[in-house]
1. Counting other Cβ atoms within 10 Å, which GluC sites (Glu not before Pro) in segment 1-100 have at most 14 and lie in a DSSP loop?
2. So if I place +1 on the C-beta of Lys and Arg and -1 on the C-beta of Asp and Glu, and nothing else carries charge, what would the dipole magnitude of the chain be about its Cα centre? I want it in debye, nearest 20.
3. Please list, in order along segment 70-79, the HN-Hα scalar couplings obtained from phi with the Karplus expression 6.51 cos²θ - 1.76 cosθ + 1.60 (θ = phi - 60°), rounded to whole Hz, x for Gly and Pro.
4. Short version: ³J(HN,Hα) in whole Hz for each residue of segment 90-97, in order, from phi by Karplus 6.51 cos²θ - 1.76 cosθ + 1.60 (θ = phi - 60°), x for Gly and Pro, what are they?
5. Quick check: residue separation of residue 268 and residue 284 times 0.36 nm, minus the Cα distance between them. What number comes out in nm?
6. Classify the chain from the C-alpha gyration tensor, please: rounded if a/c falls under 1.5, else prolate or oblate depending on whether a/b exceeds b/c.
7. Using a Förster distance of 56 angstrom, determine the FRET efficiency expected from the C-beta separation of residue 191 and residue 323, and round it to 0.05.
8. Only Lys, Arg, Asp and Glu count, each charged at its Cβ (+1, +1, -1, -1), so figure out the dipole size of segment 25-184 about its Cα centre, rounded to 20 debye.
Amino acid sequence: MPVSDQGNAVTVVSEAVCEQVIGRQDAFTAVENVFAAMAKQNAYNFPVVREAIGHADALYGFKSGFDREGKVLGLKSGGYWPGNTRLNLTNHQSTVVLFDPDTGRLKSLVGGNYLTALRTAASSAVSIAHLARKDAKVLGMVGAGHQSTFQLRAALEQRDFESVVAWNLHPETLPRLAAVCEELSLPFETVDRKELCARSDVIITITSAFEALLDSDWVKPGTHIACMGTDTVGKQEVDPRLFARARVFTDEVVQSVTLGEAQHAIASGLIRETDIVPIGDVINNAKPGRTSDEDITLFDGTGVGLQDLAVASVAAELAVSENKAQILEL
Ligand code: NAD
């Protein structure tokens, strides 16, 4: 029988199994490694496709790429279905499809919803690990939506934080952050945005805002800020003048200047594309990160497909080794 007619074993990993097999530490390592590979040009994200499909108000798209170092090839497909809440489903839906880079054959189908939150939290956590002051004590959270508790838990593991302050446009969702802090026996306070900046050593913004929520003048020297919400043209979370004061880092420069938080600072001429450093260069010790306790470091976490592929690949491996994957013959 020609090779092409032989059966193809495909690993299927459900959302529930993903939650059982992969946690924050594995996600952190996978995301850190892929950022490092991207900076060495050993891993590439392909152009993103994102379209309004004219049905169910949905935005649908593909994020794909290839990591030559990790030998991970594939795509994350899905998008945003605003009516899903009525159906008791998450509005963001995604599935990761992995292919064998040696043959192009389908390798794994992996639920992408939990992994998206996990890899996004890993991204800001990697930025904190590499860029925040070692003596950071207060974490400020801007945003209290679905992603926020993942962000909070991952961030808290990076430094010896002693307390958390938080603000959200919709205060009714702040108790979900308070609950995590209570579980971890950490003091938690809701504050206004100016006080949040005055008190925080590390700030994470994870909102769907379309205007600056934080004024540059409020952010004190030494702060590390991870801007994680802006992943689309027109979205915005911080004052673009902050970029002119900060040392700026990102997951991928092309995305940062077009659809990330930096789009506004670039458009107003406050910084140039060449001012933005891929965090992989810091991980690889090819470029400096924080250079003094007074630096403001700003990480523009735009979210790249390779992050999804990296965590999905690890989830698939772990699910197989723990006998939790379903195997289908195609
Ligand atoms: P969510 O809908 O659960 O929560 C949205 C959050 O933004 C809430 O805190 C809400 O109160 C707040 N918000 C909504 N409208 C606002 C406004 N106009 N001004 C200020 N705050 C506002 O969403 P989520 O899943 O928590 O995601 C939050 C954001 O992160 C989204 O914009 C999403 O697209 C983005 N995101 C980014 C990445 C990445 O890799 N960078 C990955 C996943 C999600």
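The values are calculated or read from the model by the stated rules, or taken from the named source; none is laboratory data. Computed from a predicted model, the values in this text were never measured in an experiment. So basically every Cβ, Gly included, is an ideal-geometry build from the backbone, and we count neighbours across all protein chains shown. Accessible surface is based on the protein model in full, side chains and every heavy atom, while ligands, DNA and RNA are left aside. Shrake-Rupley method; radii C 1.70, N 1.55, O 1.52, S 1.80 Å.
1. Working: sites: 15, 19, 32, 51, 69; in loops: 69.
Those satisfying the criteria are 69.
2. With only Lys, Arg, Asp and Glu charged at Cβ, the dipole is about 260 debye.
3. Once θ is set to phi - 60°, the couplings for segment 70-79 become x, 6, 10, 10, x, 8, 10, 10, x, x Hz.
4. These are the phi-based 3J(HN,Hα) values: 5, 5, 7, 10, 7, 9, 9, 10 Hz.
5. On the way: separation 16, 0.36 × 16 = 5.76 nm, distance 3.09 nm.
This chain segment gains 2.7 nm when fully extended.
6. Details: a/c = 1.70, a/b = 1.52, b/c = 1.12.
Judged from the Cα gyration tensor, the chain comes out prolate (a/c at least 1.5, a/b above b/c).
7. Details: r = 47 Å, r/R0 = 0.85.
With a Förster radius of 56 Å, E is 0.75.
8. Rounded to the nearest 20 debye, it is 340 debye.
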